[in-house]
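Here's the structure we're looking at; comments come further down.
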């Protein structure tokens, strides 16, 4: 029997990917109802999704939808409203698949996780880079200590300049701007490999000729660890293609993902990883078969909710990621050690 899911919030870009995977895997998942407070968003999604899903059951109130029979809730609204929707789901004893980032108020998110842990309910973040083939390769090799002690992690996750005005419309209300929106993807990986940074130094700026002057469109943050440095770069001014990049350097080797990809959009069939092990004459390139994104997130959620496995990324891990993201974005007091 498929896992029955409700969707609270229909706005987020990633919501369409979730719907696509549910449609393509009907024996595993179904969507039993939808809610969004914005009638324009609902109308747009009905037009977009009904040709694939059939008639949508859209509810006027989230509480009404949460009384329907289902096994879990996907939260895909606007960032500032998602924690309220997630809390409503927990109030109705439903596990939650929560879109990133985890809201814009860390205390509210911490209370949400406390509530989930007390109720023995699972809350899983949707950081969809987690299950990319190249990222899984990187994490597995680091966990096996194949690269030795990591002393440097660098991530570059740009957004395209032609879409700048849309980004301003969607993100100007958040102090951290585009850095806040995107950096969590790679901070998630950084924390998985290096843990909690002891010091964070953010450099958040507006570098575009156009306004608004307060919109962060070129952010860099440096993270200090006992034996390593890490840096994350999120410019919103990119015109060069294929320029998302991850680099991990250790005392026994290094691994580079030269083109991380676009997350929820189309990706090439093969994803290259550049690997060097100490003693080798040259770097080697691994051509990995790309994995379909978001289906892995859904399957992970289903397995954890069913009690078949422990989470790949714990709720405590996600708390560290969110706190680190907010500090690096200038949205929470900077940690100085």
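A compact table of results
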| item | result |
| --- | --- |
| Pair list, Cβ < 7 Å and 6+ apart or interchain, from segment 185-200 residues that are assigned by TED's automatic domain parsing to the domain that holds residue 245 and over 21 Å from residue 148 (Cβ atoms) to residues that are at pLDDT below 95 and surrounded by fewer than 19 Cβ atoms within 10 Å (Cβ to Cβ) | 199/335; 199/336; 199/337; 200/334; 200/335 |
| Search result, residues across segment 220-268 that are more than 17 Å from residue 128 (Cα to Cα) and either assigned to a loop (DSSP other than H, G, I, E, B) or outside the structural domain of residue 168 (by TED's automatic domain parsing) (or both) | 226, 227, 236, 237, 239, 240, 241, 242, 243, 251, 252, 258 |
| Members of segment 248-275 that are at pLDDT 95 or above and surrounded by 17 or more Cβ atoms within 10 Å (Cβ to Cβ) | 248, 249, 250, 253, 254, 255, 256, 257, 273, 275 |
| Index of the failed condition, residue 242 passing every other in (1) surrounded by fewer than 18 Cβ atoms within 10 Å (Cβ to Cβ); (2) touching a residue at least 40 places away in the same chain (Cβ under 8 Å); (3) under 30 Å from residue 202 (Cβ atoms) | (2) |
| Matching entry among 137, 146, 108, 173 (being surrounded by fewer than 21 Cβ atoms within 10 Å (Cβ to Cβ), closer than 26 Å to residue 287 by Cα, out of contact with any strand residue (DSSP E or B) (no Cβ under 6 Å at 6 or more places or on another chain) and in contact (Cβ under 8 Å) with a residue 12 or more places away in the chain) | 146 |
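The values are calculated or read from the model by the stated rules, or taken from the named source; none is laboratory data. Just so it is clear, the model here is predicted, and its values are computed rather than measured. Here Cβ is always computed from backbone atoms with ideal geometry, including for glycine, and neighbour counts include all displayed protein chains.
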